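The values are calculated or read from the model by the stated rules, or taken from the named source; none is laboratory data. These numbers come from a predicted model, not from an experiment. Note: ideal-geometry Cβ built from the backbone for every residue, glycine included; neighbour counts use all protein chains shown. Note: accessible area is taken over every heavy atom of the protein model, side chains too, but ligands, DNA and RNA are not part of it. Shrake-Rupley method; radii C 1.70, N 1.55, O 1.52, S 1.80 Å.
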Amino acid sequence: MNTPARTVLTIAVAPALLLTACGGSGSGAPQDKAGGSSTTATKGQPDVNGDGKVVIGVMSPGDTHDNGYYQSFVDDANGIAKTNGWEIRTIDKLNPADAVNQARNLCRQRVDLIAVAASELKDALTAAPEPQCKGVNWYVNGGGGVQQNEYFTQSQDTVNQSLYAAGYAAGLLLEKSGGAKGGYITGPELDFAKQAAKAFKAGMRAVVPEAEMVTTYTGDFDDSAKAKEAFEAQKAQGIKVVYPYLGGATDAVTQQANAAGIPALTPGTDRCADTTTKYAVSVVFSPGAYFAAALQDFQKGTLKMGTARVWKMGVDPVPTVRICAAEGDQQTRLDRVMKDMGTGKLDVDAAVDGTR
């Protein structure tokens, strides 16, 4: 998930460092843009409070053992922390209503950085100006973006870019099989999930103009039973490709799709090498890659509060989309679309809105 605009999934992910990303269609540094009154790093990074140790608190709305989007956030962080001798304290499956109190608790534990895995938990940031959080650095995987102020830094990407490219890849698979119907399964009917569906459908129809899309909102990103029921219903309607735009229920759907011979796409991470649960397409916007880039800056003492780092498809290594076993010119065509987004030749927002 722009994440799981992509408030929950969008978070949804990372790469100076391409720790979770597959090869992209472009390279280069992401853009930085200021959004607050302070654009300098907090003195003393990474040991911000000067207590002789570095502690990072991670707040996630999803399961950090989901083998996907949310797990990438902590896996990459844990790898960097281990290398540097830092401590990571993770709170997952966090109810947004409890975000502020949990953030305050982390501040009282004298953490140096609080990392918010999804903009769904953005209310946690209201604790930043409070006395117990004085001096704490904050990082947000903002997806479509959180209103910037001087207390935090964030990573952003664009749901239209990632999901249009995902849909284009799905269209290429439909074209190859002769199919004309794709499935999209997600959790609650939230704005970002609806926007993702719109972009996915537009990308699919850029390849197969007559393509239909069956959309199911299960109400829960992690409920495997509901997700599998949705897949069975979509299979009965004749889908030939499926996008489980989910959290913990992703693999459950994909395993059913494997059994049915229906290709599936990942929601955020590179799973092309996975031999247990097989994915036809890796749609890479994993929050772990973006977070890893921020942590590298944090280690160097250059992570700037009050700024947003914008990751662009076709320009940066991630986000990107890879067809795991591409045939013929499939990946070449997909790479061209992503590159055109990066150069501006393809106005993806207009394509998704149907105005081009």
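Would you check which residues across the range 122-142 are part of a loop (DSSP other than H, G, I, E, B) and either open to solvent by 60 Å² or more (accessible area, probe 1.4 Å) or in contact with an Asp or Glu (Cβ under 8 Å, 6 or more places away or on another chain) (or both) and list them? Within the range 122-142, Pro129, Lys134, Val136 qualify.
Of all the residues in the range 133-158, those that are within 13 Å of Gly57 (Cβ to Cβ) and of a type in the set (S, T, N, Q) number 1. The residues on offer are Thr320, Thr302, Thr355, and the sole one that is crowded, with 24+ Cβ neighbours inside 10 Å and out of contact with any helix residue (DSSP H, G or I) (no Cβ under 6 Å at 6 or more places or on another chain) is Thr320. Inside the range 272-330, can you point out the residues that are part of a loop (DSSP other than H, G, I, E, B), more than 30 Å from Ala252 (Cβ to Cβ) and charged (D, E, K, R)? Residues satisfying the conditions are Lys312, Asp316, Asp329.
Okay, residues lined up against (1) at pLDDT 95 or above; (2) among the acidic types (Asp, Glu); (3) over 21 Å from Asp76 (Cα atoms):
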| site | (1), (2), (3) |
| --- | --- |
| Thr275 | no, no, yes |
| Gly306 | yes, no, yes |
| Val315 | yes, no, yes |
| Val321 | yes, no, no |
| Ala325 | yes, no, yes |
| Lys339 | yes, no, yes |
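Of all residues in the range 334-348, at least one satisfies being touching a Gly at 6+ places or on another chain (Cβ under 9 Å), assigned to a helix (DSSP H, G or I), under 23 Å from Leu174 (Cβ atoms) and open to solvent by 40 Å² or more (accessible area, probe 1.4 Å). Scanning the range 85-117 for residues that are open to solvent by 60 Å² or more (accessible area, probe 1.4 Å) and in a helix (DSSP H, G or I) yields a total of 5. State which residue pairs qualify: first residue under 18 Å from Glu120 (Cα atoms) and inside the range 193-206, second residue modelled with pLDDT under 95 and open to solvent by less than 50 Å² (accessible area, probe 1.4 Å) in any location, beta carbons under 6 Å apart, and separation of 6 or more residues or different chains. Taking only residues 6 or more apart or on different chains, the pairs are Gln195/Ala5; Gln195/Val159; Ala196/Val159. Remark: Asp274 falls outside the filter, which requires a residue to be in contact with a Leu (Cβ under 7 Å, 6 or more places away or on another chain) and surrounded by fewer than 24 Cβ atoms within 10 Å (Cβ to Cβ). Listed by position, the strands (runs of 3 or more DSSP E) enclosed by the range 145-256 include none that has at least 3 residues that are closer than 23 Å to Cys324 by Cα, open to solvent by less than 10 Å² (accessible area, probe 1.4 Å) and among the small types (Gly, Ala, Ser).
Can you tell which of Tyr164, Tyr139 is closer than 19 Å to Tyr69 by Cα and out of contact with any strand residue (DSSP E or B) (no Cβ under 9 Å at 6 or more places or on another chain)? Talk me through it step by step, then tell me what you get.
Working: Tyr139 fails: out of contact with any strand residue (DSSP E or B) (no Cβ under 9 Å at 6 or more places or on another chain).
Answer to the check: Tyr164.
Tell me, yes or no, whether the range 257-270 has at least one residue that is modelled with pLDDT of 95 or more, under 30 Å from Trp86 (Cα atoms) and in a loop (DSSP other than H, G, I, E, B). No, there is no match, as no residue in the range 257-270 is modelled with pLDDT of 95 or more, under 30 Å from Trp86 (Cα atoms) and in a loop (DSSP other than H, G, I, E, B). Once the range 47-69 is narrowed to residues that are among the charged types (D, E, K, R) and over 16 Å from Trp138 (Cα atoms), the residue that is surrounded by the most Cβ atoms within 10 Å (Cβ to Cβ) is Asp66. Figure legend. Inter-residue proximity from the range 284-297: first residues over 18 Å from Met59 (Cα atoms), second residues among the basic types (Lys, Arg) and modelled with pLDDT under 90, beta-carbon distance below 7 Å, spacing 6+ or different chains. No pairs are indicated.
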